[in-house]
Structure formats: structure tokens, C-alpha cells
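Before any comments, here is the structure.
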Amino acid sequence: MNKDIQTVFFDVGNTLRIVLPDKPFIEAAEAELMKLTETKESHDEFFAKLEDRWKAYRKLAKSSLLDCSEMELWMQYMLPDYDPELIASHASRLTRLWRDHDGRRVARPDVRETLEGLDRMGYTMGIIANTVTETEIPDWMVTDHVARYFKTTILSSKVRLRKPNPEIYYLACRCIGTKPENCAYVGDNPVRDVEGTQAAGFGLMIRIDEPDTLNREKATGKEFIPDYVITKLSDLLTILPDRKGKQA
């Protein structure tokens, strides 16, 4: 590799963290979500409606390449037929619970060693992620003691832009102070992560192999070729050269 990569940006979902099925955890999240909204609908009716509305919102967000805030998500798209004051007051918590009803999110086992290694090798790091939650990723960074490794965190729910819009990548570059051609991006999505990174003129795109994501994206019919495909995050320590001239 002869590119002068100085900064490595990461996706989060299915890249730094994965989702584990956990039935008690999911059931607890769904019960609390129903309690906070004071719904009178049955469990099945309530979550079927939310799933339909979520799919409609996702379709709109993907076509417009824009995301909304948590409050807007719940008041305009997910539960517009519920008491707006009630929903607004719990919007952030509702988003977290909606995410939790998919399962428990945990860091990949080699996240810490990879971030530590890249830091020792002289790379700056940041996050560019499509997400509806404004607090979950920052909270995880603090809880898992990895916040110090990320110089900037760009979340679509905060900045409204979403991948693959190259503008979200340009914003991240401006915030971290590195030109796009001197940046690498690590993500799992074979369509939007690769497409957006290349459209923004990043020097390197590295896709981590995640079967669940690949299966979901097959139906799009689109194909974008990354520079590298890795099976574990720690592979980055062999792909990227040591900027400090030391062993990682």
C-alpha cells in the first residue's frame, strides 16, 4: 500500500459491535417500551405497527440520504398517533429500547487491541455511522473505555446526513482535520459503506466480512469493490503500515 493514510474512520453496527440474540433482554426492552408509551394495544399489534412504520421510515431515509432526530422519529414516523408530549419526553429512551428489541449489542472481541494498536502506530481515528440513536454510541464508548481513541464521532441522527452521501464523509474529514485521500474507512456494508467511501475520495476502503449484512444487501443488485476484505478487525494491524516506524 503506497497511500498516505493518516486517519481511520469506523462504522459501528456490525463493524465495531455485533448483535447477539438474548431473549430475556429483548423481552425486557419490549415490555419497557410498551410501558413508557402507555399503549393499549396488544404486544403483537403494537410491534407489528412499529415494524411497518420503521420500514417506511428506513425507505424514506435511504432514498433521501437524510436522517431525523430521535424526537422527530417518534413523533412524526413511529408513533404520530400517540400523545406527543408523552412521546417527546421519552424519545431518547424509546430509541434505545427499539434498538434493544433486536438483541444485545456487544463489541467484537478484538476491538480494544485493534484500537490500541492503531493508536500506537500513529493513526488518528473517528466514527462515521448511520444510526437513529444520539446517545447509544457515545455511551458505549465510555462504558467500554474506548472513547479516548476517537477524535470525532459523526452520527447521522445528529448531523442529519447519512451514508452513502459523501457529504457526511467530508464533514468527518473537516472535523478531524484530514483530507479524504489520507483517510481509510472500515465498514461492513458492501453497498453504502463502499459506495459512500469511494464517492468521497477516501484513500482506502476496508470491508469487514459480516454474513448477516451481506445477506441483507444481496437484493439491491449493486456491487462495489473495496480495497480489502477482512474477517476480523485486528487484520487492520497487518494491512496498515506503522506510521511511527515501530511494531504495533
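List of remarks:
- Any hit, region 50-70, residues being closer than 23 Å to E134 by Cβ, of a type in the set (S, T, Y) and outside any helix (DSSP H, G or I): yes
- Some residue of region 72-95 being in contact with a Phe, Trp or Tyr (Cβ under 8 Å, 6 or more places away or on another chain), buried (at least 17 other Cβ atoms within 10 Å of the Cβ) and either of a type in the set (D, E) or closer than 30 Å to I239 by Cα (or both): no
- Within region 184-200, the only residue that satisfies the criterion of being touching a strand residue (DSSP E or B) at 6+ places or on another chain (Cβ under 6 Å), of a type in the set (V, I, T) and farther than 20 Å from D4 by Cβ is V194.
- Residue within region 165-174 that is more than 14 Å from the chain's Cα centre (by Cα) and closer than 18 Å to R243 by Cα present: no
- Residue in region 51-63 that is in contact with a strand residue (DSSP E or B) (Cβ under 9 Å, 6 or more places away or on another chain) and under 30 Å from T231 (Cβ atoms) present: no
- Answer residue from region 1-38, given it is among the polar types (S, T, N, Q) and over 17 Å from D235 (Cβ atoms) and is surrounded by the most Cβ atoms within 10 Å (Cβ to Cβ) among those: T7
- Scanning region 138-168 for residues that are in a helix (DSSP H, G or I), touching a residue at least 60 places away in the same chain (Cβ under 8 Å) and buried (at least 21 other Cβ atoms within 10 Å of the Cβ) yields S156, S157.
- Here is the figure for region 80-92: residues that are more than 19 Å from E136 (Cβ to Cβ) and not in a helix (DSSP H, G or I) total 4.
- Matching residues in region 1-44 - criterion: being under 30 Å from C183 (Cα atoms) and free of Cβ contacts under 8 Å to residues at least 40 places away in the same chain: N2
Only the coordinates and a few stated rules stand behind these numbers; no lab work does. Values in this document were obtained by computation on a predicted structure and should not be read as measured data. No Cβ is skipped: glycine too gets one built from the backbone with ideal geometry, and neighbour counts run over all protein chains shown.
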